[in-house]
1. Checking the condition over 23 Å from Tyr47 (Cα atoms) and outside the structural domain of Leu225 (by TED's automatic domain parsing), which residue from Gly201, Gly147, Gly155 passes?
2. Here is a list: Arg84, Arg20, Arg39. Which entry is surrounded by fewer than 15 Cβ atoms within 10 Å (Cβ to Cβ), of a type in the set (D, E, K, R) and either closer than 17 Å to Leu135 by Cβ or in contact (Cβ under 8 Å) with a residue 60 or more places away in the chain (or both)?
3. Working carefully through the options Gly74, Gly113, find the one that is more than 15 Å from the ligand (Cβ to nearest atom), in contact with an Asp or Glu (Cβ under 7 Å, 6 or more places away or on another chain) and assigned by TED's automatic domain parsing to the domain that holds Arg163.
4. Please count how many residues of segment 116-128 are away from the ligand (no atom under 16 Å from the Cβ) and touching a residue at least 40 places away in the same chain (Cβ under 8 Å).
5. Within segment 157-202, track down each residue that is under 30 Å from Arg145 (Cα atoms), among the hydrophobic types (A, V, I, L, M, F, W, C) and open to solvent by less than 30 Å² (accessible area, probe 1.4 Å).
6. Pick out, from segment 157-243, the helices (runs of 4 or more DSSP H) lying fully within it that include 2 or more residues that are of a type in the set (Lys, Arg) and away from the ligand (no atom under 16 Å from the Cβ).
7. Before we move on, is Ser60 hydroxyl-bearing (Ser, Thr, Tyr), more than 29 Å from Cys219 (Cα to Cα) and open to solvent by 20 Å² or more (accessible area, probe 1.4 Å)?
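The values are calculated or read from the model by the stated rules, or taken from the named source; none is laboratory data. Note that this is a predicted model, so its numbers are computed, not measured. Cβ placement follows ideal geometry from the backbone for every residue including glycine, while neighbour counts extend to all protein chains displayed. For accessibility, only protein heavy atoms count, side chains too; no ligands or nucleic acids. Shrake-Rupley method; radii C 1.70, N 1.55, O 1.52, S 1.80 Å.
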Amino acid sequence: MIRLICTLLAAAALAGCASRGPAGLDLDTSITAVSQSSRVRAVVVHYTTVDDAKSLHLLSQGKVSAHYLLDLDGRAYRLVDENRAAWHAGASSWYGNIAMNSTSIGIEIVNPGWTEGEDGKPVWHPYDARQVRALTILLRDIIQRHGIAAENVVGHSDIAPQRKVDPGPLFPWKALADAGIGRWYNEAGAAEHLARLQAEGTPDVAWFQKQLQRLGYACPQHGTLDRETINTLAAFQMHYRPALHDGQPDAETAAIMLAML
Ligand SMILES: [Zn+2]
């Protein structure tokens with residue numbers, strides 16, 4: 001009976017039974033392998049520095065893109081299908097992976113970033129509560145569907161600390177961690193490490209460079225506090241100790257690193 005139906009259908013449609021590939025290929029997609037995983041390993045968050053309309057135009061018509069855009073009101077746009085690569089990461093590295101565009105989902109959030117204050121110092125702009133609410137829902141869903149590890153929920157500055165400072169020190173990493181999203185450190189453990197380090201002294205630059213590398217950051221390992229190392233340390237601090245992100249090695253930064261073992 002089935003053969004008869006197939007024959008009839010084939011005759012009618014001039015196509016083979018269960019064949020859905022390009023013309024001329026006998027492709028059977030009825031069996032799916034049990035051993036497989038998502039190609040998506042990370043989520044990268046950004047801010048756009050421009051308003052809703054410009055962000056939408058730039059990310060949909062320009063030479064850069066993101067899978068999702070959250071506007072000022074917290075409305076989410078999906079601009080690129082999750083199965084395809086968006087062009088948001090640029091030259092970057094995380095745990096040695098430099099193909100971040102191909103292995104991550106990019107989320108852009110409308111936020112001005114920073115502007116120069118009257119004293120000449122940068123003034124950072126906070127995220128709207130509606131954006132944070134939308135982001136929490138979106139991240140939780142993406143993480144769950146793709147099985148993304150906590151340490152792979154990152155900011156652009158984490159994966160490109162020499163070029164980028166987004167999503168900035170006001171990005172709610174701590175609030176997201178409290179909601180079970182992303183990597184955080186054991187705060188009680190950090191307090192204990194800090195008390196000990198304040199008595200013993202802060203570790204040397206080589207130690208900080210090693211820790212940064214262990215925690216995923218691309219960082220020189222030569223033991224000198226050069227501009228690259230300062231930028232990488234600042235990126236780490238913006239994420240985990242946003243109150244002070246001057247890129248200088250200090251006891252509190254070391255204590256946080258130790259509490260991330
Ligand atoms: Zn960015």
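1. Criteria check complete, one pass: Gly147.
2. Every option except Arg39 fails the conditions.
3. Result: Gly74 is the single residue among Gly74, Gly113 that is more than 15 Å from the ligand (Cβ to nearest atom), in contact with an Asp or Glu (Cβ under 7 Å, 6 or more places away or on another chain) and assigned by TED's automatic domain parsing to the domain that holds Arg163.
4. As a first pass, look at segment 116-128 and keep what is away from the ligand (no atom under 16 Å from the Cβ): 116-123, 126, 128.
Filter once more, keeping what is touching a residue at least 40 places away in the same chain (Cβ under 8 Å): 126, 128.
Total satisfying the criteria: 2.
5. Across segment 157-202, the qualifying residues are Ile159, Ala160, Phe171, Trp173, Leu176, Ala177, Ile181.
6. The qualifying helices (runs of 4 or more DSSP H) are 205-214.
7. yes
Table: residues versus (1) modelled with pLDDT of 95 or more; (2) of a type outside the set (Ser, Thr, Tyr); (3) within 22 Å of Ser157 (Cα to Cα).
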position	(1), (2), (3)
Gly182	yes, yes, yes
Ala191	yes, yes, no
Leu194	yes, yes, no
Gly201	yes, yes, no
Ala206	yes, yes, yes
Arg214	yes, yes, yes
Tyr217	yes, no, yes
His222	yes, yes, yes
